[in-house]
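For reference, the structure discussed in these notes is given below.
The values are calculated or read from the model by the stated rules, or taken from the named source; none is laboratory data. Predicted, not measured: the structure shown is a model, and the values here were computed from it. Note: ideal-geometry Cβ built from the backbone for every residue, glycine included; neighbour counts use all protein chains shown. Areas reflect the complete protein model, heavy atoms only, side chains present, ligands, DNA and RNA absent. Shrake-Rupley method; radii C 1.70, N 1.55, O 1.52, S 1.80 Å.
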Amino acid sequence: GQQAVINRPFPSVTETIQTEGGTINLNGLASVTFPNGSFPSAQTVTVTAASSANTHEAFSATAEGPRIPYEVVIKLGNLPPATSFDVILNVPQAFVASLPQNHQLEIFAQPIELSKTETLGHFHGYTSTFDPARSTLRATLPPTAFNDDGPGYTFQAILIVGAIPKYERRKVGAQ
């Protein structure tokens, strides 16, 4: 649905991704790379930073932990990518410094799951790698990170950098 953008104007960039793939950079905030074969023909892609009260509420309702105060929105036409794609999101140093020791950064996306009775818009965390020297977070996201809940049923991915408590994987057979 429509989401009101709050606060200041945010940067946006629109480029055409050819069938061979390509990368879109958004003002040092984000980089999105679609590999060869992501789209069957040239695809217009818009990458925007935004701060939506609706998105903030949905994230708070479905994900635990702090988040940066804006999201990165990737808008496509009426076709999602056929392949996974790579994103690199810059993480403000102040946000990293504010995190409790036991938290790790993750990129969250909001795929829309449709059922016969309701639409669910839970945010899902994806395995992400933090580079402290560059203060960037990298993830490879599946095509399902896009949902068709955009204006006129266009595909969009809403990405948020959040922090979740670290968890330890127990070794099989460990007590």
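Mind listing just one residue for me: the one in segment 20-39 that is open to solvent by 50 Å² or more (accessible area, probe 1.4 Å) and modelled with pLDDT of 95 or more and, of those, nearest to residue 55 (Cα to Cα)?
The residue in question is 25.
With 76, 114 as the choices, which residue is at pLDDT below 95 and touching a Phe, Trp or Tyr at 6+ places or on another chain (Cβ under 7 Å)?
76
Quickly run through segment 12-34 and pick out the residues that are free of Cβ contacts under 8 Å to residues at least 24 places away in the same chain, closer than 21 Å to residue 68 by Cα and part of a loop (DSSP other than H, G, I, E, B).
Selection gives 27 alone.
Which of the residues spanning segment 137-163 are surrounded by fewer than 18 Cβ atoms within 10 Å (Cβ to Cβ) and part of a strand (DSSP E or B)?
Residues satisfying the conditions are 138, 140.
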